[in-house]
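Student: What follows is a structure written as structure tokens; I'll ask about it next.
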Amino acid sequence: MFVAFIHLLLAGFLIYLSRWVGEKSASYGYVPLSIFDIELYNPAFNLFFRIATPLVFVLLTSSLFYGVGLDWLVKDIYNLVILYFVLRVILLFILGKAYLVNWLFEVLVGLTSITIAYALYWKVIVTKQNLVPNYSDLSNELWIIVIVFVYTALNKIEFSNKGSERRKQRYLDRTYNRLSERFSKIVIREVRTVGSQSELEQKKLIATIYSIMIFESFNRPAAVRFFEYLLTPFRKKSTLGIMQIETTKIIDDEESILLASRRLLEAYSSAKQELEREISINRDAQEIQDEALGHAIYDYNPSYEYLYQIEEIKDAILPKITEVQARE
């Protein structure tokens, strides 16, 4: 049981490690799980990375255990790979990201990696001497050349991202529906305080607030926010609630939406008034509203990447904002 517990801890560490290494490998074409459309231009790297990462980790960990005399921890270490994929699935559901996953791809990757791990254990790892590379056999080098060739060829294949787009839109739709059921009264009440607005302007403001809500809740799911609440008494300032608004006291999701909406709408009104004073004959009201909305989002989080991501979500969920919702 103790060996299994150690393997479970290592599997949890591997989840963190694989994510960290993946983020550092973005320049090589690594594509993380995201609510945004990211072009998969290195499919072979992504497939190889997801299959090979737990295998390399098991080989290195086994070598380390052998090296420090903890041979007994190597027993059935292929279970570490099984635990890694099981924990990944559990976390995806806990963090609310399961709808974004291509489950056929995940199952194939998991089964492939587990099968190879099992074979490696009985053919290589179980015998300590096998972990040392054998340079006397030239066939090893030939196989490396074949693998590199296949890897390079696969990277040239272009895959359709229509399935990914459908999953992301489905995730956004489901998340919006869930959040609007809980918070629509707060959001609509605050939007109506801005003053005279067209129906389209109201919809865009509502969609923007929900877009920030979706983005922040994706990056800080409820489970993560719970731990942030626990750490709040030990910090001078924290970003709390579903909107991740900065505060010096503990606030719930409703309060964070209230504070964030007011900040966003105040910035929008101010930017809109400023732009209207500078209006030229070539700019219509809708153009001014869109630019003012961009200013408000940037004021909320001064990052052009953040602005682009929020606007991408807003465009995706805008058709969901019905006339009834906008005027409720």
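Student: If r is the Cβ-Cβ distance from A285 to R174 and R0 is 41 Å, what FRET efficiency results, to the nearest 0.05?
Tutor: On the way: r = 33 Å, r/R0 = 0.81.
Once the sixth-power term is evaluated, E becomes 0.80.
Student: Probe radius 1.4 Å, ligands and nucleic acids left out: which of R166, R50, R189 has the largest accessible area, and how do the rest follow? Show your work: numbers first, answer last.
Tutor: Details: R166 150, R50 50, R189 125 Å².
Largest accessible area first, the list is R166, R189, R50.
Student: If you don't mind, another one. Taking a probe of 1.4 angstrom, what is the accessible area of T232 in Å², to the nearest 10?
Tutor: T232 has an accessible surface of roughly 10 Å² with all protein chains in place.
Student: Oh, and also: What list of ³J(HN,Hα) values in whole Hz, one per residue of segment 233-244 in order, does the Karplus curve 6.51 cos²θ - 1.76 cosθ + 1.60 (θ = phi - 60°) give from phi, with Gly and Pro shown as x?
Tutor: Those phi angles translate into x, 9, 10, 6, 9, 9, 9, 10, x, 5, 8, 6 Hz.
Student: So, in nm, how far is label F5 from label Y229 when the simple model puts each one 7 Å beyond its Cα toward the Cβ?
Tutor: 3.0 nm
Student: When the accessible area of segment 224-320 is split by element with a 1.4 Å probe, what percent falls to carbon and sulfur? Show your work: numbers first, answer last.
Tutor: Numbers: 3040 of 5710 Å².
That fraction is 53 percent.
Student: Once you've got the Cα coordinates, tell me which of K168/K249; K272/K320; K97/K272; K168/K203 are over 32 Å apart. Don't jump to the answer; show the numbers that get you there.
Tutor: Working: K168/K249 34 Å; K272/K320 25 Å; K97/K272 36 Å; K168/K203 21 Å.
Going by Cα-Cα distance, K168/K249; K97/K272 fall outside the 32 Å limit.
Student: Okay, next question. May I ask you to rank Y229, Y84 by accessible area, largest first, using a 1.4 Å probe over the protein chains only? Write out the running numbers ahead of the final one.
Tutor: On the way: Y229 55, Y84 15 Å².
Correct descending sequence by accessible area is Y229, Y84.
Student: Go through segment 192-246 and name the GluC sites (Glu not before Pro) that are in a DSSP coil and have 16 or fewer other Cβ atoms within 10 Å of their Cβ.
Tutor: Working: sites: E199, E201, E216, E228, E246; in loops: none.
Within segment 192-246, no GluC sites (Glu not before Pro) qualify (loop, at most 16 other Cβ atoms within 10 Å).
Student: For Y306 and K320, compute 0.36 nm times the residue count separating them, minus their Cα-Cα distance, and round to one decimal in nm.
Tutor: Length gained, Y306 through K320: 2.9 nm.
The values are calculated or read from the model by the stated rules, or taken from the named source; none is laboratory data. All values reported here derive from a predicted model rather than from experimental measurement. Cβ sites come from the backbone with ideal geometry, for glycine too, and all protein chains shown count toward neighbours. Remember, those area values only see protein heavy atoms, side chains included, never the ligands or the DNA or RNA. Shrake-Rupley method; radii C 1.70, N 1.55, O 1.52, S 1.80 Å.
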